[in-house]
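Participant: Encoded as structure tokens, here's the structure I'll be asking about.
The values are calculated or read from the model by the stated rules, or taken from the named source; none is laboratory data. Since the structure is predicted, the reported quantities are computational estimates derived from the model, not experimental observations. Here the Cβ is made from the backbone with ideal geometry for all residues, glycine too, and neighbour counts use every protein chain on show. Remember, those area values only see protein heavy atoms, side chains included, never the ligands or the DNA or RNA. Shrake-Rupley method; radii C 1.70, N 1.55, O 1.52, S 1.80 Å.
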Amino acid sequence: MEFTRALEVDASLTCVVGAGGKKSTLYELAGRLERTVVTATVRIPIFDREVADVWVTDDPIAALERASADDRDLEWPLGLVPEQERDDRYRGYDPETVDRIAGASAVDHVLVKADGARTRLLKAPNEREPQLPSGVETVLAIASVDAVGRPLEESVVHRPERVAAATGRAVGEPIEPADVATILTSPDGGLKDVPEEATYIPVLNMVDDDDALETAREIAAHVLEKPAATNRVSRVVLTSMLADEPLIEVRR
């Protein structure tokens, strides 16, 4: 199965949440899809090198319409952001603006970073996250297999106290495969605020060797056994962004 098909990003509006590979997943997908915009509803590190062009504009719809009216050839994938907040990051748009970008005639796909994780390997969202546009069609929830065996603490987990509350694991204890599965199937984890009509796909990233593959398969088995998986999870996708072909395996 091809990478984009496995992640069901034929949809026009895809959001990526979680930790341990959101940005690399976004950029890998952007390079494989036609007429694709990369944007965010939260802060996003500078990503000019990952796309063909970045437009900094507080009115992205007007900018796209002007380009179309001028019969200007757009460079894809295109980054759209409202403001450069600091030397190392952009701000994101509000979810309503991202919905409008997805409806623009010039655009086929919109890929959205919809929460933050501060480069950690696992996370649970706070009360303000994720920032999902109402029209989101696919939500990819990322977790890194490298979290397994590491302590549930801030150097590994974004908001460890929330992960502890969701899993029952004490802060400081080693993270187990079942804990990662719990976060990926919890309404306080990856499933938080995901619309019922949206496709939801857990993605286990950093499956970079045989040991990681064994761990990922164990996590996937736990995910698929969860009651939440009955109606929401049709597959778990295993990836390695270090590989030439990032799709490692699909577990059902």
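Participant: Using 0.36 nm per residue, how much length does the chain from residue 210 to residue 86 gain when fully extended, once their Cα-Cα distance is taken away? If you can, show how the numbers build up before the last one.
Facilitator: Values: separation 124, 0.36 × 124 = 44.64 nm, distance 3.96 nm.
Answer, rounded to one decimal: 40.7 nm.
Participant: Between residue 126 and residue 2, what's the calculated FRET efficiency when r is the beta-carbon distance and R0 is 45 Å? Round to 0.05.
Facilitator: Working: r = 35 Å, r/R0 = 0.77.
According to the calculation, E is roughly 0.85.
Participant: Can you tell which of 27, 93, 200 shows the greatest fluctuation in a Gaussian network model of the chain with Cα springs below 10 Å?
Facilitator: Looking only at 27, 93, 200, the biggest GNM fluctuation is shown by 27.
Participant: Next up: Enumerate the residues in the stretch 126-149 having an amide nitrogen under 16 Å from the point lying 7 Å beyond the Cα of residue 165 toward its Cβ.
Facilitator: Taking a point 7 Å out along Cα→Cβ of residue 165, the residues of the stretch 126-149 whose backbone N falls under 16 Å are 126-130.
Participant: Give the percent of DSSP beta bridges with both residues in the chain that are antiparallel, rounded to the nearest 5.
Facilitator: 20
Participant: Ignoring any ligand, DNA or RNA, what whole percent of the accessible area of the stretch 31-190 comes from carbon and sulfur when the probe is 1.4 angstrom?
Facilitator: 40
Participant: If you don't mind, another one. Calculate, in nm to one decimal, what residue 59 and residue 74 gain on full extension: separation in residues at 0.36 nm each, minus their alpha carbon distance. Please report the intermediate quantities before stating the final value.
Facilitator: Working: separation 15, 0.36 × 15 = 5.40 nm, distance 1.66 nm.
Full extension of this stretch gives 3.7 nm more.
Participant: For residue 248, list long-range residues whose amide hydrogen, built 1.01 Å from N in the peptide plane, is under 5 Å from its own amide hydrogen.
Facilitator: For residue 248, whose amide H was placed from the backbone, the distant partners under 5 Å are 238, 239, 240.
Participant: Here is a further query. For Cα pairs less than 8 Å apart in space and 6+ apart in sequence, what is the mean separation divided by the residue count of the stretch 1-106, i.e. the relative contact order in percent?
Facilitator: Worked out over the stretch 1-106, it gives 30 percent.
Participant: Additional query: Calculate the length of the line joining the C-alpha centroid of the stretch 9-47 to that of the stretch 56-124, in whole Å.
Facilitator: 10
Participant: Here's another thing I want to ask about it. Just to confirm the number: angle between the C-alpha axis of helix 60-69 and the first principal axis of the chain, 0 to 90 degrees, nearest 10?
Facilitator: Its long axis makes an angle of about 40 degrees.
Participant: Something else: Which shape class applies to the stretch 152-226: rounded if a/c is under 1.5, otherwise prolate when a/b exceeds b/c and oblate if not, where a ≥ b ≥ c are the square roots of the Cα gyration tensor eigenvalues?
Facilitator: oblate
Participant: Return the sequence-ordered ³J(HN,Hα) values of the stretch 238-243 in whole Hz as given by the Karplus equation 6.51 cos²θ - 1.76 cosθ + 1.60 applied to θ = phi - 60°, using x for Gly and Pro.
Facilitator: Rounded to whole hertz, the list is 9, 9, 9, 7, 8, 8.
Participant: Spin-label point model (7 Å from Cα, Cβ direction): what's the residue 251 to residue 226 distance in nm?
Facilitator: According to this spin-label approximation, the distance is 1.2 nm.
Participant: Then there is this: Can you tell me the accessible area per residue over the stretch 188-240, all protein chains present, probe 1.4 angstrom, in square angstrom?
Facilitator: 46
Participant: Suppose every K and R has +1 on its Cβ and every D and E has -1 on its Cβ; what is the size of the dipole of the stretch 26-168 about the Cα centre, in Debye to the nearest 20?
Facilitator: Magnitude of the dipole: close to 640 debye.
Participant: Roughly to the nearest percent, how much of the accessible area of the stretch 209-249 is carbon and sulfur, given a 1.4 Å probe?
Facilitator: Exposed carbon and sulfur together represent 44 percent of the surface.
Participant: Additional query: Compute the accessible area per residue over the stretch 59-185, keeping the other protein chains in place, probe 1.4 Å, unit Å².
Facilitator: 44
Participant: Taking +1 at the Cβ of each Lys and Arg and -1 at the Cβ of each Asp and Glu, which of 76, 132, 227 sits farthest along the dipole of the chain towards its positive end, judged by Cα position relative to the Cα centre?
Facilitator: 227
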